[in-house]
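First up is the structure itself, then whatever we jot down about it.
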Amino acid sequence: MNAEIEENIRKKVKWSQLPTHIKQIMGNSSKEYDKYITIFSIRNQLRYRGNLVRHVCKNERRYYERIVAYSRDRLMLFPYHLADMIVKGLRITPFNYYISVVEKLIQAEKSYDTLPNFTAADCLRLLGIGRNEYIDLINKSRSNRGRLFGKKNVKILLPKVPCDIHIEPWWRVEIGLVYDDDIKMVNEEELAVIDRLIDLGSQSAGELNYQIVLSLYKKGLIYLDVPITSVDSVQVPPLQGFVMNRVTGDYFETLLYKIFVSIDEHITIGELANTVLQVDTELVKQAVSLYCRLQFARKLNPETEQEKVKRHLSWNQLPPDLNKQTAITPLTLNLNSESSSFQLTEELLSPDHELPGSPATQDKKGQRIAFLFDSALTAFLMMGNLSQGLKKHAVTMFEVGKLCDESLDSFLTELEKVSVLDADGEGEARRFFDHAVILRSTVLALRKLPSCGLDLIRLESLQTLDEATCSRLLQKKYRLLVSMAPLSREVRPVFSLSPPQLGPAVPEVNSLWFKFFIYHMTGYGPPSLLLVKGKTIKQLPRMFLGYSKLLVTTWLHEPAIIPISNIIHVNAALQYAPVLIQAYGVHQVASTRVVPFPFRPDTPIKGSCEINTDYQFRKHPASRILNEIIDIECNCGFLTFVNIGVLDFGCASRDRTVRLIPSSRKSSSAISGHSKIQRINQEELPEPLEPTCILNENFNFSNKSNDNVVVDTSNTQSEEECKLQSPDETHFANTPSNDSNCPSPANGFTSHECSKLLQEELDELDKKDDSLNKVLELRLSTTFSMEGLVTPSEEHVNMFSRETSSKDDISENEKVDEHKGEVWTLLDCHFGVPLFDANANTKICDTIVSGGLAEPCSLEKLVESSRKLGTMLLDFISQCQYYPGENMEIMKRGRLVPQPRYNLVFDNGKVTEWGGK
């Protein structure tokens, strides 16, 4: 249905008042509009009176019957907001409704996961049927031979009365549809309550006898209303009783999840509806009422002192465990435990007391700090055998999408039970323990910042909100956003300049475009090839000759390491999405190093000495250039360096602008360039008796004489450009001997002396590279700084010595090594706080708390640099999508990151279009 039509129906606009273009959409037919009104009203469970549907459907009872049938067929929640019409008018109670839903599923032998999340939770509350019970009923129905009218008689297996449900004293008791036969089944006390309800109307549950109320509810003679007003506030504790099955995407379920991530105890229902979400207040009231009914939320200060005095004595005599959450151990991921350490105390559940907050007891109505995470973190907390009590917090973080500061104390208590020592022998699952331990230290560190509290928010839950709503929510409730790192490629980071964010500045930073951006801007990075969706590769691209391992990253997915022999299998992934292929090791898998930033020497260091292994990477040319482009001093995160086994010389003549060359223009220029080199060779060199030269873009080998075997004739290129940038097929191929059966060698060499000399020189280069690698690794592993301690080897490690060493020696060493390539090259850059590396996490958290990274002056610079980075990155993406002269437009930020239009390659320090070889 058209969104404009829905909006007009919601605003109760009649046909005569509709705009002309809306009428044209429906073919200028009022009957078509009446059809849309009926469909929309039933789908959204609108009340008959007060809406347009009353002018279309003349039979009110039939209308509500259609709502019940539609909701039952689609396994929707019972429409509690229409209970006065459905229970009183149709005598369909929530218990009867869910019995018919479960009966239908069992007859069809559908899986329990078919039930949506909230529907399954309500079935568990009323029927006591969870996952295990449902499976048991399925097995019994298959073995039951009894049939009714040709169908399995499932109803005899289902409960006959509702379970003992949780009832709050402030709930309202309403009379249902009572017949004369029903009066015969009640006792005198129950009859007195029924008469009171008939004569005086709805009553507060706390003023009636609890046992009588429960008995009448189980007999279906009354129903319970959970009143919520615009001035009420609610609190969302860690979820208990939630069933994680599936989502349907219907209007009410979508609203439930939006409110979950938006609500807290410091905002009223009316303020949430009008200011933040900007939706109908009645819809928000209905959603919050359901939260309280399912015990997913608690109403703050639900009763006045006078109402408490009027309570019936039976409510004060209830056992403490009666109002607690029903144990659901076998049904919902073992969220509860028999251990008392996981049960909330009576004091916490009582509405007279507040949940524990952060260590400080000050007023928390101001702006807070938000720590943004993705679903991968909740998966680690749920999948690992960490702590039984921790899982209910993980479920809350995933389903609610937020863990408020008021719940962090109990969350930290559960995280404290997790120890990395318990992960011995766990293998790959050890990272679950690492994330839990590092998350605890991160939360403790961020709570030290001056604010009104810390909330943990799931990014995917923020994505359920439209961009304007998300912006209003963040600006109203938070003064600073801190993101975890790295985020999943599938997650779209929040684009927020207000409040400022210590994390990805723009959504495009979390895409493969950002890799190519930092490679092109710095000139450093492994040989990389970005292929468009639908491309097919038939052979190994030349840039990867000589490598044995490749790093393959599919668009919106995590990278994987594959042997070079499996590169053809990349075609399967290319059918569905673009793929990035990168060189990742010559003889073995490349080694990586994580370097946190910002690079601030004044960050407090724990201990008396620090291993200064990051100094080399801080002085890396890529780090220096990167700081000029993206300002890594006002943001936090980490750089990943990689040693692929080949030196990286960078790019001597860097150009920040990407200039794609069309294939026709490229081929003509290549031909002219080749003929020009041939003319030079023919003028300067005598014509050989046999073909003894090979031409490529880096070297020209010529057999002038036996003494001078290798001559560089690339006079048109600078010395820096002539250096070896990456392995080429001409440097790894075997030279055939003179007595070979093939008279035309593949590489153009026929001289045995030339081939032998070339092989000796290549072997010598390999030895030098190996020795250089060993020296660098030795210097990195043995260099440290300690105050007041001088070692005999200090004069040999000036580059990595303590900061008080001579800067002249450092600069001299840099000048000496200026012409040499870099063993380590830049692989990636992530913004945020890492949760996988304890050392990097500690340095970054110390910088945020004590290094001034969260100070207003630093955040102002961060906002400006983030805006600049966003503009540069979008401009870079535009340059990679269009040829010069095309209608080139700067990319506009949308919900999805644009995919590449052309095959791009990063090699020799720049991004160009791939020629296909």
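A count restricted to segment 44-77 and to residues that are among the basic types (Lys, Arg), within 22 Å of ARG293 (Cβ to Cβ) and outside any loop (DSSP other than H, G, I, E, B) stands at 1.
Name the residue that is nearest to ASP409 (Cα to Cα), counting only residues in segment 437-493 that are touching a strand residue (DSSP E or B) at 6+ places or on another chain (Cβ under 8 Å) and small (Gly, Ala, Ser). Ranking the qualifying residues of segment 437-493, first place goes to GLY453. The set of residues from segment 45-88 being under 26 Å from ALA108 (Cα atoms) and among the acidic types (Asp, Glu) comprises GLU65, ASP73. The residue of segment 385-420 that is modelled with the highest pLDDT, among those that are charged (D, E, K, R) and outside any helix (DSSP H, G or I), is LYS402. Against the test of being buried (at least 20 other Cβ atoms within 10 Å of the Cβ), touching a strand residue (DSSP E or B) at 6+ places or on another chain (Cβ under 7 Å) and not aromatic (Phe, Trp, Tyr), the options VAL276, VAL234, VAL243 yield a single qualifying residue, VAL234. Selection over segment 517-563 of residues that are in contact with a Pro (Cβ under 9 Å, 6 or more places away or on another chain) and of a type in the set (A, V, I, L, M, F, W, C) gives a count of 11. So for segment 483-501 (the condition being small (Gly, Ala, Ser), assigned to a helix (DSSP H, G or I) and surrounded by fewer than 17 Cβ atoms within 10 Å (Cβ to Cβ)), does at least one residue qualify? No, there is no match, as no residue in segment 483-501 is small (Gly, Ala, Ser), assigned to a helix (DSSP H, G or I) and surrounded by fewer than 17 Cβ atoms within 10 Å (Cβ to Cβ). Scanning segment 523-579 for residues that are closer than 24 Å to VAL658 by Cα and of a type in the set (Gly, Ala, Ser) turns up GLY523, GLY525, SER528, GLY534, ALA577. Would you say MET521 is touching an Asp or Glu at 6+ places or on another chain (Cβ under 7 Å) and of a type in the set (A, V, I, L, M)? It is false that MET521 is touching an Asp or Glu at 6+ places or on another chain (Cβ under 7 Å) and of a type in the set (A, V, I, L, M).
Could you run through segment 151-167 and say how many residues are in a helix (DSSP H, G or I) and buried (at least 17 other Cβ atoms within 10 Å of the Cβ)? Residues flagged as in a helix (DSSP H, G or I) and buried (at least 17 other Cβ atoms within 10 Å of the Cβ) within segment 151-167 amount to 1. Exactly one residue among ASN903, ASN908 is of a type outside the set (Asp, Glu), surrounded by 15 or more Cβ atoms within 10 Å (Cβ to Cβ) and modelled with pLDDT under 90, and that residue is ASN908. Here TYR36, TYR98, TYR80, TYR48 are screened, and the one residue that is under 20 Å from LEU255 (Cβ atoms), hydroxyl-bearing (Ser, Thr, Tyr) and surrounded by 15 or more Cβ atoms within 10 Å (Cβ to Cβ) is TYR80.
Within segment 239-263, being under 22 Å from the mean Cα position of the chain (by Cα) and at positive phi holds for one residue alone: GLY249. Looking only at segment 6-21, residues that are of a type in the set (Val, Ile, Thr), closer than 22 Å to GLY50 by Cβ and not in a loop (DSSP other than H, G, I, E, B) come to 1 in all. Residue check: ALA423 meets all listed conditions (1) modelled with pLDDT under 90; (2) in contact with a Phe, Trp or Tyr (Cβ under 8 Å, 6 or more places away or on another chain); (3) under 28 Å from LEU255 (Cβ atoms); (4) among the aliphatic types (A, V, I, L, M) but one, namely (3). Only a single criterion out of (1) out of contact with any Gly (no Cβ under 7 Å at 6 or more places or on another chain); (2) within 21 Å of PRO94 (Cα to Cα) is not satisfied by GLN295, namely (1).
Restricting attention to segment 102-137, the residues that are within 28 Å of PHE260 (Cα to Cα), over 31 Å from the mean Cα position of the chain (by Cα) and in a loop (DSSP other than H, G, I, E, B) total 2. Looking across segment 86-110, the residues that are among the small types (Gly, Ala, Ser) and over 13 Å from LYS155 (Cβ atoms) come down to GLY89, ALA108. Give me the residue from segment 168-221 that is free of Cβ contacts under 8 Å to residues at least 24 places away in the same chain and part of a loop (DSSP other than H, G, I, E, B) and, out of that set, surrounded by the fewest Cβ atoms within 10 Å (Cβ to Cβ). In this case the residue turns out to be LYS184. Segment 222-322 holds helices (runs of 4 or more DSSP H) entirely within its bounds, and those carrying 1 or more residues that are out of contact with any Ser or Thr (no Cβ under 7 Å at 6 or more places or on another chain), within 23 Å of GLU174 (Cα to Cα) and among the charged types (D, E, K, R) map to 281-293, 305-309. Restricting segment 516-573 to residues that are of a type in the set (Phe, Trp, Tyr) and touching a strand residue (DSSP E or B) at 6+ places or on another chain (Cβ under 8 Å), which is nearest to ALA590 (Cα to Cα)? So the residue we want is TYR547.
The values are calculated or read from the model by the stated rules, or taken from the named source; none is laboratory data. The model shown is predicted, which means the values in this text are computed figures rather than measured ones. When we count neighbours, we look across all protein chains shown, and the Cβ atoms used for this are built from the backbone with ideal geometry, even at glycine.
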